[in-house]
Structure formats: C-alpha cells, structure tokens
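Colleague: Here it is, the structure, as structure tokens.
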Amino acid sequence: MRKTDKFLRRLRITFLMFSAILLSGTIALGQVTTSSMSGKVSSSSGETLPGATVIATHTPSGTNYGTISNAEGRFNLNGMRVGGPYTVEVTFIGYGAFTQSNITLSLGENSLVSTKF
C-alpha cells in the first residue's frame with residue numbers, strides 16, 4: 001500500500017469520527033421550542049363529534065393551526081408557537097361554531113381545550 005493511500009484512509013476515518021462526535025453533540029443539545037394543544041369535541045349531551053374542524057389562531061401574528069377531530073372526537077395540534085393569546089374556533093355541521101379566547105401555551109407543554117356545543 002502506498003503512503004498516500006494510507007494517509008487518505010486515515011484522513012477519511014478521522015473525518016468520519018469527527019462527524020459522528022459533532023452530530024451526537026448537536027442531537028444532545030436539542031431543545032424544545034414549541035407547544036401543543038389537544039382536546040375533545042362533544043355535544044352538550046356528551047356525544048362525540050368526529051370530523052369537527054378545529055382552528056387555533058395566534059392572535060398577535062395571525063398564524064393559524066388547523067385539524068379535524070378523529071373518530072373519538074379528539075384533536076391534536078402540534079408544533080405551535082409558544083405564548084398567546086390564542087383563539088380556538090370549532091365548527092361542526094348542524095352545531096354552529098364554538099369559540100374560546102385568551103388561551104396561552106407554555107413551552108413544551110400540551111394545553112387541553114375541550115369543547116361542548
């Protein structure tokens with residue numbers, strides 16, 4: 001084996017080891033920078049409402065986060081901006097709209113919002 005081949009091989013191994021160390025340090029220092037909101041949509045009689053539209057609006061920026069409730073009437077909104085206030089509007093055919101205002105989200109925590117029409 002020539003000297004240049006040995007040198008390139010050692011250089012390649014060193015580069016891979018350095019890259020692995022750098023990436024593992026970056027992953028270990030990762031931080032949570034968002035929040036989330038979840039809840040259950042139901043009627044006043046307790047019937048779950050699958051397929052309800054849920055839109056949360058960050059009032060200061062106008063950013064909207066939206067989803068639809070699942071078969072159990074539950075919804076999840078992830079990756080939301082921390083703080084607030086938020087306004088949540090839930091609509092379902094035949095039930096009109098439900099609105100809840102002044103919701104504040106904390107860093108890395110899930111805020112529970114349950115609605116009853």
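Colleague: Extension gain Q31-K6, at 0.36 nm per residue separation less the Cα-Cα distance, in nm?
Modeller: Going from the current span to full extension adds 5.0 nm.
Colleague: Relative contact order of the chain: what whole-number percent is it, with Cα pairs under 8 angstrom and at least 6 residues apart? Let's see the in-between values first.
Modeller: On the way: 219 pairs, mean separation 33.9, N = 117.
Answer for the chain is 29 percent.
Colleague: Give a residue-ordered list of calculated ³J(HN,Hα) values for the stretch 93-98 (Karplus: 6.51 cos²θ - 1.76 cosθ + 1.60, θ = phi - 60°; whole Hz; x for Gly, Pro).
Modeller: Those phi angles translate into 4, x, 10, x, 10, 10 Hz.
Colleague: A further question on this structure: Suppose we keep just the DSSP beta bridges with both residues in the chain; what percent of those would be antiparallel, to 5? Spell out each step's value before the answer.
Modeller: Details: 25 of 30 bridges.
Of those bridges, close to 85 percent are antiparallel.
Colleague: Let's see if you can work this out: charge +1 on each Lys and Arg Cβ, -1 on each Asp and Glu Cβ, no other charges. What is the dipole magnitude of the chain about its Cα centre, in debye to the nearest 20?
Modeller: So the magnitude is around 1160 debye.
Colleague: Using a cut-off of 18 Å between alpha-carbon atoms, which lysines can reach K40, once sequence neighbours fewer than 8 places away in the same chain are excluded?
Modeller: K116
Colleague: Using only the Cα atoms of the stretch 35-116, each taken as one equal point scatterer with no solvent, compute I(q) by the Debye sum, divide by I(0), and report log10 of the ratio at q = 0.27 Å⁻¹.
Modeller: Each listed q maps to, in turn, -1.34.
Bear in mind that the values in this text are calculations on the coordinates, not laboratory data. This one's a predicted model, so the numbers in the text were calculated from it and none came from an experiment. Note that we place each Cβ from the backbone using ideal geometry, even for glycine, and neighbour counts take in every protein chain shown.
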